[in-house]
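Trainee: Quick one: the structure is below, questions incoming.
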Amino acid sequence: MNVAIIAGSTRPGGNGEAVAQWVHDLAVKRGDARFELVDLKEFGLPHLDEASPAAMGRYDLPHTRRWAAKIAEFDAYVFVTPEYNRSIPGALKNAIDFLYAEWHNKAAGFVGYGVFGGIRAVEHLRLVMGELQVADVSAQVSLTLATDFEHFSVFKPAAHQEDAVTRMLDQLIAWGNALRTVRL
C-alpha cells in the first residue's frame, strides 16, 4: 500500500514542512505501508492552466502529466493543511483541481493546523474529497498554534498528538486496503 503525505502549503517560512515531516517520521515506523512525503512546492504548479476540464482526463501540459503520474501512484493520502480564512490554502485546492480520476476510490486522512486546529480547513477539504470519490476517514489530527507550536511558530506537538496520528493512520490503512478492490 502506498500512502502520500501531501504538504498542502507552499508558503515560505510556514509550518507545513515541519508538520508533514513529523507525520512522515511517525508513519514510516509503522511498517504496514510505504509512506512518501509529497511537497506541492516541488511540482511548481501554476494556476490551473489546462484547456480541458480534469474530468476529461486529457492532460496536455508536462507539469500536469508529472503531477498526475505522482498522484496516481498512491492508494491513500494524508493531507497536511493549515487553515487560511476558514479554508485550505489556494495552492492545495489548485493542485487538487488539476486532476480528477487519479483521486478516485482512494482513502484520505487529514492533519490540520492553525488557531483552531485547522478544523474548518479539514471540513472544507472533506467536501472536496467527497466530490472526487475519495473516502475520508473520521479520525483526524488537529494541531493548535497555542498548544502545539512554541511562540505560535515553532512546531512542538503535544505528546497526545502522536496517538491522534496513529488513530488516523489506522483508519486510513484499513480504508485504503478496502478500496483497492474497488479500483481493480
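Rule-based calculations on the coordinates, nothing more; no lab input. This one's a predicted model, so the numbers in the text were calculated from it and none came from an experiment. In this analysis, Cβ positions are derived from the backbone assuming ideal geometry, glycine residues included, and neighbour counts consider all displayed protein chains.
Trainee: If I fit a long axis through the Cα atoms of helix 161-183 and take the longest principal axis of the Cα atoms of the chain, what angle between them do I get, 0 to 90°, rounded to 10?
Mentor: With both axes taken from Cα atoms, the answer is about 20 degrees.
Trainee: Consider the candidate values (1) 16.6, 53; (2) 15.6, 48; (3) 18.9, 58; state which one is Rg and Dmax of the Cα atoms in Å computed from the structure displayed.
Mentor: (2)
Trainee: Could I ask something else about it? Using a 7 Å offset from the Cα along the Cα-to-Cβ direction at both Leu48 and Glu73, what is the distance between the two label points in nm, to one decimal?
Mentor: If labels sit at Leu48 and Glu73, their model points lie 2.5 nm apart.
Trainee: Beta carbons within 10 angstrom, averaged per residue: use that to sort the peptides 103-109, 89-95, highest first.
Mentor: On the way: 103-109: 22.3, 89-95: 18.4.
The packing order, highest mean first, is 103-109, 89-95.
Trainee: Follow-up question, since we're still on this one. Arranged by the count of other C-beta atoms within 10 angstrom, fewest first, what order do Val3, Val154 take?
Mentor: So the ranking, lowest neighbour count to highest, is Val154, Val3.
Trainee: Sticking with this one: What nm value, rounded to one decimal, do you get for the distance between Lys93 and Arg180 when each label is placed 7 Å out toward the C-beta?
Mentor: So the label points at Lys93 and Arg180 sit 3.5 nm apart.
Trainee: Under 17 Å from the Cα of Lys29, which aspartates and glutamates turn up, not counting those fewer than eight places away in the same chain?
Mentor: By straight Cα distance, Lys29 reaches Glu162, Asp163, Asp170.
Trainee: Another question, then. Among DSSP beta bridges whose residues both lie in the stretch 2-183, state the antiparallel percentage, nearest 5. Provide the component values of the computation, followed by the final result.
Mentor: Working: 3 of 29 bridges.
Roughly 10 percent of the beta bridges in the stretch 2-183 run antiparallel, per DSSP.
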